[in-house]
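This report refers to the structure that appears directly beneath it.
The values are calculated or read from the model by the stated rules, or taken from the named source; none is laboratory data. Keep in mind that what you see is a predicted model, and the values were worked out from it rather than measured. Cβ sites come from the backbone with ideal geometry, for glycine too, and all protein chains shown count toward neighbours.
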Amino acid sequence: MNTKQILQTAATLRWQIGQDFHEKLMEDIYTNAAVLADRAMTRPDEKPHFDFDRKLDQIVTSRIWGFPMMILLFTLVFWITIQGANYPSQWLATIFLEIGYPFLKNISTTIGAPWFIDGLLLDGVYLATAWVISVMLPPMAIFFPLFTLLEDFGYLPRVAFNLDNAFRKSGAHGKQSLSMMMGFGCNAAGVVAARVIDSPRERLIAIITNNFALCNGRWPTQILIATLFIGALAPPALAGLLSATAVVGVTMLGVFLSLAVSWGLSRTALKGEVSTFSLELPPYRPPRVLQTIYTSLIDRTLIILWRAIIFAIPAGAVIWLISNITISNISLAEYIIGWLNPLGFLIGLNGIILVAYIVAIPANEIIIPTILMLTVLVSGTNGDAGAGVLFELGNDGTKELLLAGGWTLLTAVNIMLFSLLHNPCSTTIYTIYKETGSRKWTAVATFLPLAMGFGLTFLITQLWRLFGGTG
């Protein structure tokens, strides 16, 4: 066979393969079209057939039932998280505080470690890390698998579908609802997820407002404060439900503020036409429970916990240092707290809480341990322990400590609001700058929620005191 015949044969084979591929492709297209038509159409001579996806979508995406069902479902998730996390937290606290801490102190005494090293490593670093693990691990280990199950089942895209119309009316892109859903896991991830929005203007709106979605680092603060102070307002049988409702309320406030700020930006600094898009709803599928639990624990819970530990270690050291370095017998921490107390009083908080939020700029996970350690220092409830030592981790002891530090119901309400409305963590701030390439918009995204947090807590505080509340 000569070269010409070989080329002719190859051309014939390519043509035949192309024809076969084209016929197979067309056959698949017509087959899929027939399946879709069969699902979507009901013939007069046939009884209506049941379609699970369609029937369920008629409920979860309904204008009447969609939003109430969404709120109830998330309330249930938070309630399960709050109720289920209590006992594991107590077990971990017993292991780390009642067993581990005395054991390490005995070793330190035996080897004759200097007081400075003993205090820095054990009273500062170890106790801060122990608190982070004891309080944050159980809620995350419950919340993230439940949230992932809803995602795997196909419900979260329906939540985005329900919110799409609201975002479009606020002048934002419908896909902002998707980046907001991602922000409930991590605001830095939510900022990156805004890349799915093609319009630069609408993508910038989504980036600026993503901080209004409560991230992983803020859930434990919300859950703990709601459990200690809000749930205590109800009988024990209803305490968990009331706590969960309070957390859901703060979450919904974040969604409302995201819509409100989007509306304001789209009509002022970021004017423009709203673009449209089509949102494809994936089919419902049975959740893969074991795989979901595994991936949630590895990809989310343990990674977030490790990040919290990494930031808790230096934070614990810094807090111990500023608590033990003194000028005229007054610690540096007390000086800073004293300077910030007047501002804290105006917004229903205190200097301790404001110092905690400054220290916690690297990560929101260390807010509560920082508050407790500084409260121990200022309130003088540390007994025989050194300055800045966290000596109690249980819920009852934590509440008693906060009450000794001057906390009231107003303080609890305002810290839940301020936890929603304050500057993003340093990781998110850096991500915003990388995504926008603008110092101006990074500053807006950083200081806008902080200004709103000061404004809202100031308003709540003045109204509270005007109408006879204490605090």
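At-a-glance table
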read-out	value
Search result, residues across region 153-174 that are surrounded by fewer than 21 Cβ atoms within 10 Å (Cβ to Cβ) and assigned to a helix (DSSP H, G or I)	PHE153, TYR155, LEU156, PRO157, ALA160, PHE161, ASN162, ASP164, ASN165, ALA166, ARG168, LYS169
Per-region count, region 413-432, residues hydrophobic (A, V, I, L, M, F, W, C) and not in a helix (DSSP H, G or I)	2
Matching option when the condition is crowded, with 24+ Cβ neighbours inside 10 Å, without any contact (Cβ under 8 Å) to a residue 24 or more places away in the chain and either within 26 Å of ASN86 (Cα to Cα) or within 20 Å of the chain's Cα centre (by Cα) (or both), among SER243, SER177	SER177
Candidates PHE212, PHE256, PHE277, filtered to the one that is over 15 Å from the mean Cα position of the chain (by Cα) and at pLDDT 80 or above	PHE256
Qualifying residue in region 230-244 (condition: touching a Cys at 6+ places or on another chain (Cβ under 7 Å) and not in a helix (DSSP H, G or I))	no
Check on LYS47, of a type in the set (Lys, Arg) and either at pLDDT 80 or above or buried (at least 16 other Cβ atoms within 10 Å of the Cβ) (or both)	no
Search result, residues across region 310-348 that are of a type outside the set (S, T, N, Q), closer than 21 Å to ASP118 by Cα and buried (at least 21 other Cβ atoms within 10 Å of the Cβ)	PHE311, ALA312, ALA315, GLY316, ILE319, TRP320, ILE322, ALA333
Unique residue being within 15 Å of THR431 (Cβ to Cβ) and either in contact (Cβ under 8 Å) with a residue 40 or more places away in the chain or surrounded by fewer than 22 Cβ atoms within 10 Å (Cβ to Cβ) (or both) when the list is ILE208, ILE225, ILE230	ILE208
Enumeration of residues in region 88-137 that are in contact (Cβ under 8 Å) with a residue 40 or more places away in the chain and of a type outside the set (A, V, I, L, M, F, W, C)	PRO88, SER89, GLN90, GLY119, ASP123, GLY124, TYR126, THR129, SER134
Among residues of region 426-446, those that are of a type in the set (S, T, N, Q) and touching a residue at least 60 places away in the same chain (Cβ under 8 Å), counted	5
Residues located in region 186-202, provided they are surrounded by 22 or more Cβ atoms within 10 Å (Cβ to Cβ) and not aliphatic (A, V, I, L, M)	CYS186, ASN187, GLY190, GLU202
Every pair of residues 6+ apart whose Cβ atoms lie under 6 Å, when the first sits in region 447-464 and is closer than 16 Å to VAL413 by Cβ and buried (at least 18 other Cβ atoms within 10 Å of the Cβ) while the second is at pLDDT below 95 and among the small types (Gly, Ala, Ser)	THR457/GLY348; THR461/GLY348
Extreme residue, nearest to ILE347 (Cα to Cα), among residues of region 385-422 that are polar (S, T, N, Q) and modelled with pLDDT under 90	THR408
Region 263-289 residues that are under 12 Å from ALA172 (Cβ atoms) and surrounded by 10 or more Cβ atoms within 10 Å (Cβ to Cβ), paired with ones that are at pLDDT below 70 and small (Gly, Ala, Ser) (beta carbon under 9 Å, 6 or more apart)	SER266/GLY272
Condition check for SER426: modelled with pLDDT under 90 and under 20 Å from the mean Cα position of the chain (by Cα)	yes
